[in-house]
Amino acid sequence: MKYNTLFTPVKIGSVTIKNRFAMAPMGPLGLADAEGGFNQRGIDYYTERAKGGTGLIMTGVTFVENQVEEHGMPNCPCSTYNPVQFVRTGREMTERVHAYGAKIFLQMSGGFGRVTIPTNLGEFPPVAPSPIPHRWLDKTCRALTVEEIKSIVKKFGEGAFHAKRAGFDGVQIHAVHEGYLIDQFAIALFNQRTDEYGGSLEKRLRFAREIVEEIKRQCGADFPVTLRYSVKSFIKDWREGGLPGEVFEEKGRDTEEGIEAAKLLVSYGYDALDTDVGTYDAWWWNHPPMYQEKGLYRPYCRLMKENVDVPVLCAGRMDDPDMALEAIETGVCDIISLGRPLLADPDYVNKLRSGRIQEIRPCISCQEGCMGRVQEYSMINCAVNPQAARERVTEYRPVCRPKRVLIVGGGVAGCEAARVLAVRGHKPEIYEKGGRLGGNLIPGGAPGFKEDDLALADWYEYQLKKLGVPVYLRTEMTKEMVLKEQCDAVIIATGSEPKIFSLGEDEHVYTASQVLMKEKDPGENTVIIGGGLVGCETALWLAEQGKKVTIVEALPKILAVNGPLCHANSEMLERLIPFKGIEVIGNAKAQNCEKGVLRVETKEGERKIPCDSVILSVGYRENNSLYRELEFEIPELYLLGDARRVSNIMYAVWDAFEVANHI
């Protein structure tokens, strides 16, 4: 009963949505067919979130044209590329979504402009309002002609008309948001035009105005048109974004102009504002990693509620149901948008509605499976949910003959394997030498900004208990013990061990795990050897406690190896390190530690660093000795997780799912 307010209806224009939850738009990479329609994978993906109870489904970005800015078909759906195919596949999807009482809006983009992903550029120069620098490449963009702008506007009308024919309940314009093409027109830093599309704010917003007017002309005044809208840009300079708490001069859209622009946009006919902040120059705001606080857009959404009279949607790590409830009840916003949380668990809304909060699989904001894969491989997936955007090909396979499967190791891989095996009907059991399940999630989740790692460990514990999986803690298995059990199959998921080396006097030399678990006190002045992900996150955690931290890295820069796949994470962490006063010594090698002084060899010569402790964070090595002992003893034997290959959480989960779903 506590969350009933989140399940009251709300209207966007003429459309009534059954609850206060929307699926936030996320790039539908890998979900289009060769003709610009939705493929079966995309249809299943959106339908699964509707089935899970979400009131409003927002598709990821789709394009309205493919000539002014070529996007390399198939990439994302395009409503005007082959209208017959788009309507046919779109109709199949909307009919399935509507069966669950959900509504669905098509998100439409006029182009990426200066932020086009380099792999999609082709031979032609990127376009923009003016000849300005590209975000990623050393290229100057070509200014759009007025004729090209008019053609894009016309395509928006045509595309929206096709969307309406396909059964979409409305559209969202991917426009004055995150520094995409139409936002580049709206921001004075990017728009240096002197014609009717440049100059005053009204002229810079003319592109966005003509789009909504054209859609309403073709689809009718009662067809909802919403807007993805960034209130503030957080641009310090070209390709330089501001950090939380940093004082800087805003070079993009500041909050004052953001409020004025919002009022104008609503007056033009937009029926709702899907609100966030940021641009690709500061894209850790639009795609917030775990280093951003939860609910970070709430202050900006409240500003919108105070200044416009249309519904306001709020995303940005809003997966805490108490936070969501408070936002609705206190007038921060009208609708809660869940993006990555619905990748992690498509049944989030139904589980909340029926009081099964413990069953909601948490998003850990790693962005390895979503933005990282979009950026690197043009595919959207999820690190903790291997079935996201692969629903049909990863369906659970029920078993005819249950097998007893012994799993050695209760880390992420062992837990995921046991969960999948139990769901399918097998009889797994876990033996873990430590005192709780979770493996590296436990030290990894020690910093406050990594709390969702611990939530994932708790989720696995709950799931395995619910599924009746026997778990034996504080039990270190040997070859003889495994063979004695005479199981049908054995999974070895014994994880990895930190790499360590001697620095002479090792009394105050610790591993990162020992410090994170508070088994060792690093003192007030510490040196971390290793500037990878674990080293940098440990440094950030200690710096936030007021400790003096120095990172010694053998390579020229931090996060050069095994960093986060998504650049929003790595770029924010790279900038947080100096911002928090952490010194980085690159191209350096630690020699020895004696009497509280670490000797470091650098290109400039030797440095002596006084310190209370030295923390080793130079990577992990596979702990696969038990597998090697059993390799020729057991017919059905599998090696998973870090024990197979030290990697990230995503591959521990994915590999475990793949194996466990086919035993």
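The values are calculated or read from the model by the stated rules, or taken from the named source; none is laboratory data. Keep in mind the model is a prediction, meaning the values are calculated, not measured. Cβ atoms come from the backbone with ideal geometry, glycine included; neighbour counts cover every protein chain shown. Remember, those area values only see protein heavy atoms, side chains included, never the ligands or the DNA or RNA. Shrake-Rupley method; radii C 1.70, N 1.55, O 1.52, S 1.80 Å.
Here are the numbers for this structure:
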{"read-out": "Scan of region 522-541 for residues that are farther than 17 Å from GLU574 by Cβ and of a type outside the set (D, E, K, R), ordered by number", "value": "PRO522, GLY523, ASN525, THR526, VAL527, ILE529"}
{"read-out": "Subset of region 329-359 [open to solvent by less than 20 Å² (accessible area, probe 1.4 Å) and of a type in the set (A, V, I, L, M)]", "value": "VAL332, ILE335, ILE336, LEU338, LEU342, LEU343, ALA344, VAL349, LEU352"}
{"read-out": "Single unsatisfied condition, GLY111 versus (1) open to solvent by 40 Å² or more (accessible area, probe 1.4 Å); (2) in a loop (DSSP other than H, G, I, E, B)", "value": "(1)"}
{"read-out": "Qualifying position, being within 22 Å of the chain's Cα centre (by Cα), on the phi < 0 side of the Ramachandran plot and open to solvent by 30 Å² or more (accessible area, probe 1.4 Å), among GLU376, GLU326, GLU395", "value": "GLU376"}
{"read-out": "Among the residues listed as LYS216, LYS236, the single one being of a type in the set (Lys, Arg), outside any helix (DSSP H, G or I), open to solvent by 20 Å² or more (accessible area, probe 1.4 Å) and touching a residue at least 24 places away in the same chain (Cβ under 8 Å)", "value": "LYS236"}
{"read-out": "Checklist (1) on the phi < 0 side of the Ramachandran plot; (2) open to solvent by less than 10 Å² (accessible area, probe 1.4 Å); (3) out of contact with any Leu (no Cβ under 7 Å at 6 or more places or on another chain) applied to GLY53, failing item", "value": "(1)"}
{"read-out": "Members of region 398-422 found to be of a type outside the set (A, V, I, L, M, F, W, C) and either more than 26 Å from the chain's Cα centre (by Cα) or assigned to a helix (DSSP H, G or I) (or both), listed by number", "value": "PRO398, ARG401, PRO402, LYS403, ARG404, GLY409, GLY414, GLU416, ARG419"}
{"read-out": "Answer residue from region 25-80, given it is small (Gly, Ala, Ser) and assigned to a strand (DSSP E or B) and is farthest from HIS98 (Cα to Cα) among those", "value": "ALA32"}
{"read-out": "The lone exception for ASN286 - which of (1) farther than 17 Å from ASP254 by Cα; (2) under 15 Å from the mean Cα position of the chain (by Cα); (3) not basic (Lys, Arg) it fails", "value": "(1)"}
{"read-out": "When residues of region 427-454 are limited to those that are more than 24 Å from THR478 (Cα to Cα) and out of contact with any helix residue (DSSP H, G or I) (no Cβ under 9 Å at 6 or more places or on another chain), the one most open to solvent (accessible area, probe 1.4 Å)", "value": "GLU451"}
{"read-out": "Which numbered condition ARG96 fails, given (1) surrounded by fewer than 24 Cβ atoms within 10 Å (Cβ to Cβ); (2) out of contact with any Ser or Thr (no Cβ under 7 Å at 6 or more places or on another chain); (3) among the charged types (D, E, K, R)", "value": "(2)"}
{"read-out": "When residues of region 590-620 are limited to those that are in contact with a helix residue (DSSP H, G or I) (Cβ under 9 Å, 6 or more places away or on another chain) and part of a strand (DSSP E or B), the one most open to solvent (accessible area, probe 1.4 Å)", "value": "TYR620"}
{"read-out": "Pair list, Cβ < 9 Å and 6+ apart or interchain, from region 130-147 residues that are more than 18 Å from GLU70 (Cβ to Cβ) to residues that are among the polar types (S, T, N, Q) and assigned to a loop (DSSP other than H, G, I, E, B)", "value": "SER130/ASN191; SER130/GLN192; PRO131/GLN192; ILE132/ASN191; ILE132/GLN192"}
{"read-out": "The lone exception for GLY60 - which of (1) small (Gly, Ala, Ser); (2) open to solvent by less than 10 Å² (accessible area, probe 1.4 Å); (3) over 19 Å from the mean Cα position of the chain (by Cα) it fails", "value": "(3)"}
